[in-house]
Amino acid sequence: MKKVELEVIAIAQAQNKESNFNSHAVILQEVGGTRKLPIIIGKYEARFLHFIMEHIKPRRPCTHDILLDILDKFSIKLEEVLIYNLEEGIYFAYLNCINEETNKVVQIDSSSSDAVAIALRNRCRIYIYESILEQVSSDMTPPSFADEEQDNSPSAKSKKKSRSKSPIASIDDEFKNTLSSLSSSNLESLLEQVIEKEDYQKAIWIRDELKKRKQ
């Protein structure tokens, strides 16, 4: 079957209006094309992917790093990630590897979100079968994303307004505003603390503040 190469272009966030549940999606796009593939992921996976895309390395190895280290220790090279199936909205992926000592192909079944994270960390290519991409490409964004963008009813506007004033959003804004008042040494220390707690979003904000001062 024909394969299409994908690349990660964004991590997006949406809210299910019925359950008031926040979700995230990693958005992949075909290389050299316009078709997109959104894959719903959890909050932890979203933060970890942000971490990888922003080239922030935690002080201690994450689960995906450990797996890659194990593969390396046993002379198994990750060649590519392949999204090979879609059932009831769930994508299935393989880690296609090769044993460098025996040249034997090794195929490891994986969740799509873990596979994408491992591919980004290992800088290997991500593929999907053409038939699957063609099946989902007509709907460029998940319904929860599209609904939030297009629903301009009074009730929807009220929900958006209440979300913008949520305590979590206020705390995050206060944290970001505080960074500019801290010394670079304090920021470096704080960066180590948030990385230790695996708070990837705050780590990105601190990294950006430090980078801005070095320009």
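What is the packing order of peptides 32-40, 178-186, taking the mean over residues of other C-beta atoms within 10 Å and listing the highest first?
With the highest mean Cβ count within 10 Å placed first, the list reads 32-40, 178-186.
Going by Cα centres, segment 30-94 and segment 175-215 are how many Å apart?
25
Each residue of segment 100-106 in turn: what ³J(HN,Hα) in whole Hz from Karplus with 6.51, -1.76, 1.60 and θ = phi - 60°, glycine and Pro shown as x?
6, 8, 10, 6, 7, 7, 10
Using a 10 Å cut-off around each Cβ, can you sort Y127, Y44 from fewest to most neighbouring Cβ atoms?
With the fewest neighbours first, Y127, Y44 line up as Y44, Y127.
Can you pick out the pairs among K3/K73; K43/K212; K43/K77; K57/K214 whose Cα atoms lie more than 24 Å from each other?
Distance filter (> 24 Å) returns K3/K73; K43/K212; K43/K77.
Please sort 75-85, 48-58 by packing, taking for each peptide the average over its residues of neighbouring beta carbons within 10 angstrom, highest first.
75-85, 48-58
None of the figures in this text is laboratory data; all of them are computed from the coordinates on show. All figures in this text were calculated on a predicted structure; none of them were measured in a lab. Positions of Cβ are generated from backbone atoms using ideal geometry, with glycine treated the same way; all protein chains shown enter the neighbour counts.
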